[in-house]
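The values are calculated or read from the model by the stated rules, or taken from the named source; none is laboratory data. Fair warning: this is a prediction, and the values are worked out from it, not measured in the lab. Virtual Cβ from ideal backbone geometry, glycine too; neighbours counted across all protein chains shown.
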Amino acid sequence: MRRSIGAAAGAVLLALFLYPSAAYPVLYIDINAPGGKRMPLAVADFAIGPGDPSLSRGIPKILSDDLTLTALFDLVPPTAHIETVTPAHFSGKPLSFPGWKMIGAEAVVIGQAEVQGGQVSIEMRLYDATQGKLLLGKQYTGTPRQIRSIAHRFANEIVYTFTGVRGVFGTDIAFTARSGKSKGKELYLVGMDGQDIRKVTDNRSYNLFPRWSADGQWLAYTSYRTGAPAVYLRNVSTGAEKAVVRFGGTKAPGGFSPDGAWLFAGVSQGGDSDIYRIRVVGGTTERVVQGGGLDVSPSPSPDGRRIAFVSDRSGSPQIYVKTIGAGGETRISRGTAYATSPSWSPAGDRIAYTARVGGRFVVVTVAPDGSDPREVASAADGDCEDPSFAPDGRSLVYTYRKRGYSSLKIVSSDGRIQRTLVSGIGDAGSPAWSPGR
Amino acid sequence: MKGTFSWTRAALVLLIAAVMVGGCAKKQTVKSDGGAAAAPGAGEVQEAPVKEAPAVPPTAMAPALAEPGVAVTEEIPSRFEDVLFDFDQAVVREDGRKTCQVVAAYLKKNPRAKLLIEGHCDERGTAEYNLALGERRAVAVMNYLVSLGVPKGNLSTISFGEERPLDPGHDEGAWARNRRAHFVLK
């Protein structure tokens with residue numbers, strides 16, 4: 001989801017290419033090298049024209065926090081910086097690159113911001129401190145409410161410049177949580193940096209299982225707000241909704257086809273849950289998986305040709321993969337008596353799911369044929385559940401639960417780096433990461 | 001990445017980049033950022049936010065309900081005991097059968113009574129799977145009541161999965177109480 005759309009009510013957000021920008025990424029950082037060295041980078045305090053002086057540190061803070069999250073950069077702390085950036089640095093005056101090199105920075109980000117008449121103009125530049133060369137320069141204009149969005153955008157450009165893979169800053173995570181003292185559950189959105197939590201529904205009923213369309217414009221979810229459960233489709237920008245699945249008993253959306261035409265859902269009739277796909281327009285329904293057991297939680301592959309799903313046909317819930325429209329259904333979870341909530345990676349190369357191991361729930365990823373299992377999130381004192389991949393596939397969000405306390409956490413896909421995304425909101429769960437821009 | 005940054009490679013790329021932009025004046029082109037999504041509203045004509053989205057006819061869309069929904073989050077006390085289940089099971093146990101026999105006797109004496117059977121789960125495991133499991137529990141109880149002679153038309157089911165625990169605790173005792181079918185006379 002684009003934060004700028006959520007932020008809304010603003011003028012056009014324009015980025016102007018001032019310089020030859022990195023149309024071809026400069027591959028300084030090999031993101032696939034385990035334990036690779038991090039790029040030492042400094043984000044200088046911004047030069048501030050007329051307007052809000054808090055932007056001088058506010059925008060660099062957003063950039064620094066973003067870049068830190070990637071675990072690809074070592075940020076040189078501002079206290080070590082020895083040069084003050086001024087407007088002159090944007091009109092020909094060179095930075096003191098040897099000085100930046102001396103404090104350990106191999107790359108420097110500078111910027112200037114100006115607020116006038118409800119418009120903010122931000123120019124940001126990325127330099128190679130060793131060569132003294134400009135790698136990236138952009139100018140953005142927007143409303144003050146779009147400042148975070150603008151900073152995230154440039155952080156994505158920086159990541160792309162160094163790695164060739166676009167960053168995921170500015171994306172959102174949808175989740176469910178209890179609202180205050182309400183016993184119901186509402187849908188929420190939170191920025192991937194843990195900022196800007198927004199309540200999406202407000203009907204004090206149960207609103208469950210948010211799932212994004214591939215373009216990030218729609219959320220499908222189950223709501224009990226009329227008393228009986230139905231799956232609704234909600235336009236994230238406008239808030240307009242319609243019910244798309246009313247038949248059957250319980251129902252939970254699993255995901256959309258890549259073209260947005262179909263919604264996959266588990267729907268029960270007479271106690272037996274099967275997997276259906278429902279045409280978003282028109283409502284045509286096709287059963288995709290059926291059987292005597294419970295078949296739930298369909299997760300479409302990124303190419304839309306296969307689905308991963310949960311079935312307890314073997315006597316316990318396990319993960320299966322099926323080619324849509326073909327016969328075979330292959331079990332891919334092994335070594336556990338309880339495997340649920342599959343989530344396909346954006347590149348299609350991994351499937352994450354929840355597995356019960358030694359009495360605890362852990363998050364595992366496997367290749368789509370079930371080979372190469374890796375445990376990516378586990379806790380000695382609690383459960384890790386409900387994984388959902390980031391749009392760049394480099395990390396996953398999941399629910400951590402411990403004796404009624406729950407939080408949302410993010411872990412790198414190799415399981416090495418963890419952080420807390422949301423805590424202190426009652427019963428937070430069912431996270432779903434939005435597509436990238 | 002191996003050891004340190006490949007500055008020679010970087011320099012080469014920069015050199016190529018420099019050659020590519022060649023004689024272009026530095027501040028020449030002013031292009032819209034392809035990645036920049038326009039924000040809607042405020043009188044500006046923006047990229048339609050429904051672009052590439054499912055083409056739902058506008059008439060089919062209603063504004064989201066802001067008012068409270070039907071109260072499903074409060075438990076309605078029952079004159080019958082709950083039917084309890086084992087972990088990840090939907091088999092009606094012997095104790096549950098006795099409860100069902102009491103329920104069936106009541107319904108036969110009161111043939112106009114309608115009964116809603118709610119299926120519930122404990123908090124462990126995945127909410128989606130638990131929703132289906134709760135439904136299966138409710139249906140298992142319904143089927144048993146039908147086998148005892150209760151007309152199916154007087155019975156209905158709903159699952160709340162793990163969303164509405166009876167016991168807010170987080171131990172075996174609480175979980176055992178929360179894996180249940182709950183009866184609501186309508």
* Asked: Taking the condition free of Cβ contacts under 8 Å to residues at least 40 places away in the same chain and among the basic types (K, R), does A:K133 pass?
  -> yes
* Given the conditions (1) in a strand (DSSP E or B); (2) farther than 20 Å from B:V139 by Cβ, report the number of the one that A:S273 does not fulfil. => (2)
* **Answer from A:T238, A:T226 - the residue that is of a type in the set (V, I, T), modelled with pLDDT under 95 and more than 22 Å from B:A132 (Cβ to Cβ)** => A:T238
* To do: Go through the stretch A:153-186 and give me each residue that's within 11 Å of chain B (Cβ to nearest Cβ), closer than 15 Å to A:P435 by Cβ and outside any loop (DSSP other than H, G, I, E, B).
  => A:N156
* **A:L41 at pLDDT 80 or above, within 14 Å of another protein chain (Cβ to nearest Cβ) and under 15 Å from A:T161 (Cβ atoms)** => yes
* In this structure, does A:A71 turn out to be of a type in the set (G, A, S), part of a loop (DSSP other than H, G, I, E, B), within 14 Å of chain B (Cβ to nearest Cβ) and out of contact with any Leu (no Cβ under 7 Å at 6 or more places or on another chain)? -> yes
* Condition check for A:A265: hydrophobic (A, V, I, L, M, F, W, C), closer than 20 Å to A:T330 by Cα and modelled with pLDDT of 95 or more -> yes
* Within the group B:L133, B:L84, B:L145, which residue is within 14 Å of chain A (Cβ to nearest Cβ) and more than 22 Å from the chain's Cα centre (by Cα)? -> B:L145
* Asked: Residues B:R112, B:R124, B:R97: which one is more than 10 Å from chain A (Cβ to nearest Cβ), assigned to a loop (DSSP other than H, G, I, E, B) and either within 23 Å of the chain's Cα centre (by Cα) or more than 25 Å from A:L208 (Cα to Cα) (or both)?
  -> B:R112
* **Test: residue in the stretch A:117-127 that is more than 30 Å from A:P391 (Cβ to Cβ) and touching a residue at least 24 places away in the same chain (Cβ under 8 Å)** => yes
* Asked: Of the residues A:A113, A:A107, which single one is buried (at least 16 other Cβ atoms within 10 Å of the Cβ), closer than 30 Å to A:K409 by Cβ and of a type in the set (G, A, S)?
  -> A:A107
* Could you list all residues from the stretch B:127-155 that are among the basic types (K, R) and either outside any helix (DSSP H, G or I) or in contact (Cβ under 8 Å) with a residue 40 or more places away in the chain (or both)? => B:R136, B:R137
* To do: Please determine, by comparing only the residues of the stretch A:116-152 that are among the charged types (D, E, K, R) and closer than 15 Å to A:P94 by Cβ, which one is farthest from the other protein chains (Cβ to nearest Cβ).
  => A:R125
* To do: Can you confirm whether the stretch A:88-110 contains a residue that is of a type in the set (D, E, K, R), within 14 Å of chain B (Cβ to nearest Cβ) and not in a loop (DSSP other than H, G, I, E, B)?
  => yes
* Among the residues of the stretch A:367-384, is any touching a Leu at 6+ places or on another chain (Cβ under 6 Å) and more than 17 Å from B:Y129 (Cα to Cα)? -> no
* Inside the stretch B:133-162, can you point out the residues that are closer than 12 Å to A:T250 by Cα and of a type in the set (S, T, Y)? -> B:T157, B:S159
* Counting residues that are surrounded by 20 or more Cβ atoms within 10 Å (Cβ to Cβ), which strands (runs of 3 or more DSSP E) fully inside the stretch A:284-365 reach at least 3? -> A:295-300, A:306-311, A:318-323, A:339-344, A:351-357
* In the stretch A:189-203, what residues are closer than 23 Å to A:S388 by Cβ and surrounded by fewer than 24 Cβ atoms within 10 Å (Cβ to Cβ)? -> A:L189, A:V190, A:G191, A:D193, A:G194, A:Q195, A:D196, A:I197, A:R198, A:K199, A:V200
* Structure fact -> Across the stretch B:156-186, the tally of residues that are in a strand (DSSP E or B) and within 13 Å of chain A (Cβ to nearest Cβ) stands at 8
* Structure fact -> Among (1) assigned to a loop (DSSP other than H, G, I, E, B); (2) in contact (Cβ under 8 Å) with a residue 60 or more places away in the chain, A:S371 falls short only on (2)
* Structure fact -> Within the stretch B:166-186, the count of residues that are modelled with pLDDT under 95 and buried (at least 20 other Cβ atoms within 10 Å of the Cβ) comes to 0
* **Matching residues in the stretch A:270-303 - criterion: being on the phi > 0 side of the Ramachandran plot and in contact with a Ser or Thr (Cβ under 6 Å, 6 or more places away or on another chain)** => A:S297
